[in-house]
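The values are calculated or read from the model by the stated rules, or taken from the named source; none is laboratory data. Predicted model, so just to flag it, every value in this text is computed and none were measured. Ideal geometry is used to build each Cβ from the backbone, glycine not excepted, and the neighbour counts take in all protein chains shown. Calculation scope for accessible area: heavy atoms of the full protein, side chains included, ligands and nucleic acids excluded. Shrake-Rupley method; radii C 1.70, N 1.55, O 1.52, S 1.80 Å.
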Amino acid sequence: MATIRHVPTRLGARTNAALLALLALAFLTGWLAFAFGTSPARTSLIAHATSGVAILVLLPWKSMIARRGLGRPRPGRWASIAFGVLVMVSIVAGLGHSTGLVLWWGPFSSMEVHVGAALIAIPLAIWHVVARRIRVRATDFSRRTFLKGGLAVGLAAAAYGGTEIVVRASSLPGAARRFTGSYEAGSFNPPAMPVSSWMFDAIPSLDPERWKLRTPGKEWSYSELMGFDDRLTATLDCTGGFYSVQEWSGARLDRLLGSTHGESIRVVSSSGYDRRFPVSEASGLLLAIRCGDHALDAGHGFPARLVAPDRRGYWWVKWVVAIDVDDLPYWWQSPFPLQ
Ligand code: HEM
Ligand code: HEM
């Protein structure tokens with residue numbers, strides 16, 4: 001009798017422990033993918049998608065646990081249900097984005113809903129794990145448990161590989177994704193390029209007559225910068241889930257900074273938003289004042305924005321007012337902007 005009751009309880013604890021590990025992995029690899037505009041993004045997204053699908057694989061077991069939990073009237077069950085809804089919304093939006101079947105939820109892109117739901121779920125996830133504590137035992141780390149865990153992950157990887165094959169074979173829109181998962185939008189057609197910002201920045205209206213760019217030891221007017229015509233074809237890959245290739249022109253940062261010495265370049269927006277870059281990258285960065293031979297529009301950073309090839313969109317500071325050089329290392333900043 002004791003063993004009959006014992007087995008499902010351990011199965012429940014192991015399922016919950018596996019879910020915790022998978023949620024943490026999905027969260028970590030999602031952000032890791034955002035940190036790269038180059039090939040490590042793809043590797044991270046393969047691990048990401050596999051962990052996300054593995055959560056779905058465990059759903060039949062988790063629904064047994066949830067049903068048992070809901071059968072015990074306790075405070076906080078609504079928080080658990082809200083947590084469940086948010087995780088499901090995030091996964092459904094992730095799949096909607098990856099297959100291309102659902103790319104918009106009203107004004108929000110599926111990728112925004114996907115990441116937004118995951119972010120809102122964090123406090124509920126912490127509450128859930130603390131309030132519905134599980135006790136992991138040494139026997140939970142047996143060879144059999146690992147084999148079962150490996151089977152679940154293998155199944156998830158196969159399911160993910162399967163969806164990718166279906167997406168390509170049936171020419172779903174998702175087949176056209178870039179390695180970061182983003183969709184092409186308005187390439188070489190600046191008016192069709194979507195406007196988006198990292199988080200809270202509102203579009204300012206700056207007067208080009210009064211606007212000045214401050215660099216070490218010098219101030220530049222808009223008309224002075226119009227004299228530069230350094231050109232760069234680069235891909236703006238937004239974390240909202242789209243990318244756009246444009247020809248940008250303006251002034252290379254090494255030309256604006258001259259022989260200024262220091263460790264890092266800090267590019268500052270009129271909104272206070274800023275990003276740091278290694279000084280060694282100065283010649284690869286462009287302060288763009290034109291896109292496709294036209295002045296930028298307000299949404300895309302008028303009068304001047306940074307073009308940072310091979311970096312995701314949140315590095316491309318808009319409405320730039322200052323470019324400083326100092327001795328702080330470039331990694332001395334939050335990995336993702338906080339405004
Ligand atoms: C609750 C946590 C999360 C879960 C369970 C989850 C799960 C998923 C799933 C199932 C997919 C679809 C994979 C596919 O079949 O192609 C996906 C896609 C994606 N997720 Fe997440 N995700 C989570 C959080 C995040 C976060 C926090 C980020 C970024 C900061 C993120 C970034 C992405 C990206 C970029 C894709 C698109 C991949 C592609 O199209 O190739 N995810 N996610
Ligand atoms: C995909 C992620 C998860 C979802 C959607 C989810 C959802 C739920 C829901 C809806 C319930 C029933 C309501 C309640 O008892 O409050 C529940 C119960 C529970 N959950 Fe989760 N949960 C998840 C992950 C986890 C994790 C990571 C842990 C612990 C590490 C955990 C531990 C528990 C426990 C111990 C119960 C109570 C079971 C019982 O009373 O018999 N859950 N979960």
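Structure values in brief
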{"quantity": "Pairwise FRET efficiency - A79 versus W332, Cβ, R0 = 35 Å, nearest 0.05", "calculated": "0.40"}
{"quantity": "Per DSSP, loop trypsin sites (Lys or Arg not before Pro) in the stretch 102-162 with at most 11 further Cβ within 10 Å", "calculated": "R133, R135, R137"}
{"quantity": "All aspartates and glutamates inside 19 Å of K212 as judged from Cα atoms, apart from same-chain residues fewer than 8 positions distant", "calculated": "E224, D229, D254, D274, D297, D324"}
{"quantity": "Prolate/oblate/rounded label for the chain (Cα gyration tensor, a/c 1.5)", "calculated": "prolate"}
{"quantity": "Residue-averaged 222 nm ellipticity for the chain, from DSSP H runs of 4+ at -39500 (n - 2.57), nearest 500", "calculated": "-14500 deg cm²/dmol"}
{"quantity": "Where chymotrypsin sites (Phe, Trp or Tyr not before Pro) fall in DSSP loop in the stretch 168-210, at most 12 other Cβ within 10 Å", "calculated": "F200"}
{"quantity": "Mean-position separation - Cα centroids, the stretch 86-124 and the stretch 10-80, in angstrom", "calculated": "15 Å"}
{"quantity": "Rough spin-label spacing in nm, given labels placed 7 Å along Cα→Cβ, for T145 and I126", "calculated": "2.6 nm"}
{"quantity": "Measure of compaction for the stretch 1-138 (Cα Rg per 2.2 N^0.38 Å)", "calculated": "1.15"}
{"quantity": "Cα-based shape type of the stretch 99-215, given that a ≥ b ≥ c are square roots of the gyration tensor eigenvalues and the cut on a/c is 1.5", "calculated": "oblate"}
{"quantity": "Beta bridges by DSSP in the stretch 182-339, antiparallel share as percent, to the nearest 5", "calculated": "90 percent"}
{"quantity": "Acute angle (nearest 10 degrees) that the helix 143-169 long axis makes with the longest principal axis of the chain, alpha-carbon atoms", "calculated": "50 degrees"}
{"quantity": "Pairwise FRET efficiency - L59 versus L232, Cβ, R0 = 51 Å, nearest 0.05", "calculated": "0.65"}
{"quantity": "Which of M111, M193, M64, M88 is most accessible, then next, and so on - probe 1.4 Å", "calculated": "M64, M88, M111, M193"}
{"quantity": "Calculated P(r) of the stretch 230-339 - Cα pairs past 17 Å, %", "calculated": "51 percent"}
{"quantity": "Degrees between helix 59-70 axis and first principal axis of the chain (Cα, 0 to 90, nearest 10)", "calculated": "70 degrees"}
